[in-house]
Amino acid sequence: MKPLHKIIINKDTSFNPIWIMRQAGRYLPEFREIRKKNSDFINLCLNDDLSSEITLQPIKRFDLDAAIIFSDILMLPYGLGQKVEFEKNFGPRLGKLNLNEISKIDEIDFVEKIHRVYKAVKKVSTNPNLNDKNIIGFVGAPWTLLVYMINQQSPKKNLKKDFFKDNFLINRILLIIERFLKVHIKNQIDNGANIIQIFDSWAGLLEEKDLPNYIYTPTLNLVNFVKSLNVPVICFPREIKNYKEFCDIVKPDAISIDYNVDPKKILKDIKIPIQGGLDPKILLTDYDNLKKEAFKYLEIFKDHPYIFNLGHGILPETDPIMVENIIKIVKNY
Ligand code: CP3
């Protein structure tokens with residue numbers, strides 16, 4: 001059985017597997033080397049030779065328990081025909097959303113546009129060196145994708161003032177997102193992904209009254225869909241105020257927590273396997289502090305099924321040596 005499955009399916013508490021959000025990325029010189037020669041980020045994700053190579057870069061260097069496919073949550077709007085670009089020092093910039101155009105896209109057009117992501121999943125999942133590791137496929141949650149598609153850029157702290165103005169548009173888009181996320185998930189699984197993580201990076205932006213419509217209902221539909229394919233699903237509703245209520249309603253197989261969550265409180269509140277939590281900024285400090293902070297999580301979750309990870313993506317300025325350190329600390333615990 002693969003390491004993350006032992007935790008999520010068997011509820012094993014005898015060890016803690018580790019992987020790191022954004023483990024394939026800018027903190028690795030070998031990634032920056034490839035990125036320098038490939039200025040178009042979407043094209044890089046669609047180059048299955050390179051994207052599978054990038055997926056393997058952290059696995060070659062470190063003793064990680066899972067590979068996460070090098071791609072992006074914004075491949076979904078791209079597959080739907082919305083313009084998506086990544087600008088240096090700015091982040092994603094999306095074109096204007098056209099409901100008529102997007103409504104015309106069918107499953108075949110969508111898969112045709114992004115099928116090389118699935119080819120990369122296949123290449124990674126059939127690599128014999130990864131036999132004893134999990135292959136994590138992922139999607140953005142409907143809410144977070146809606147935010148990018150309507151806002152056309154990162155919302156940072158706030159949404160556009162008139163974000164919720166066109167209710168009809170918003171609800172139509174949500175349904176389209178949900179439909180194609182299922183296609184995207186199914187294709188990743190068919191090509192060898194054996195865990196799915198749903199990233200809801202902007203869950204924290206919503207008021208309580210809006211959670212059922214924008215988060216609980218669409219995410220529950222996706223979670224049930226993944227479960228129907230017999231693959232475990234991890235949810236990461238970053239900065240949501242009430243993780244317990246989220247888990248009670250959405251019922252993912254495991255929950256990934258952000259670094260503002262109090263681990264002791266969540267341990268009391270939540271029965272399902274837990275992942276993550278450590279503040280990525282701790283990796284910018286020193287070995288002793290890293291050990292102290294990592295031990296906090298390892299101690300609190302010592303009798304609970306727990307996958308070690310960060311509370312958000314690793315920062316680009318992280319020294320790869322600190323990644324090696326955190327893996328040693330977790331494995332020797
Ligand atoms: O290693 C991995 O984790 C797999 C690959 C992965 C990427 N993005 C590659 C990437 C994953 C799982 C994502 C998820 C993602 N993408 C999320 C959810 C997680 C989170 O961070 O909240 C979101 C919100 C996005 C959208 C996105 N993509 C943004 C906002 C940005 C720009 C900001 C940034 O962090 O660079 C990206 C670009 C991106 N996606 C990069 C990488 C490696 C950097 C690209 C570069 O080299 O400039």
> Only one of (1) surrounded by 13 or more Cβ atoms within 10 Å (Cβ to Cβ); (2) closer than 29 Å to residue 67 by Cβ fails for residue 155. Which number is that?
Replying inline: (2)
>> Checking the structure you have, find out if any residue of segment 94-110 is modelled with pLDDT of 95 or more and either within 11 Å of the ligand (Cβ to nearest atom) or within 28 Å of residue 309 (Cα to Cα) (or both).
In response: yes
>> Based on this model, can you work out whether residue 233 counts as β-branched (Val, Ile, Thr), surrounded by 18 or more Cβ atoms within 10 Å (Cβ to Cβ) and under 30 Å from residue 182 (Cα atoms)?
In response: yes
> Only one of 14, 51 is within 12 Å of the ligand (Cβ to nearest atom), hydroxyl-bearing (Ser, Thr, Tyr) and at pLDDT 95 or above; which?
Replying inline: 51
> Just a yes or no: is a residue in segment 143-158 assigned to a helix (DSSP H, G or I), touching a helix residue (DSSP H, G or I) at 6+ places or on another chain (Cβ under 6 Å) and closer than 23 Å to residue 23 by Cα?
Replying inline: yes
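Per-residue answers, yes or no, for (1) touching a residue at least 24 places away in the same chain (Cβ under 8 Å); (2) of a type in the set (Ser, Thr, Tyr); (3) near the ligand (Cβ under 9 Å from one of its atoms); (4) over 16 Å from residue 179 (Cβ atoms):
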position	(1), (2), (3), (4)
59	yes, no, no, yes
64	yes, no, no, yes
127	yes, no, no, yes
133	yes, no, no, yes
138	yes, no, yes, yes
146	yes, no, no, no
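With the structure loaded, tell me whether residue 200 is in contact (Cβ under 8 Å) with a residue 12 or more places away in the chain and within 16 Å of the ligand (Cβ to nearest atom) or whether it fails that test.
Numbers: in contact (Cβ under 8 Å) with a residue 12 or more places away in the chain: yes; within 16 Å of the ligand (Cβ to nearest atom): yes.
When the stated conditions are applied, residue 200 passes them.
The values are calculated or read from the model by the stated rules, or taken from the named source; none is laboratory data. Just so we're clear, the structure is a prediction, and the values are computed from it rather than from any experiment. All Cβ positions, even for glycine, are placed from backbone atoms using ideal geometry, and neighbour counts span all protein chains on display.
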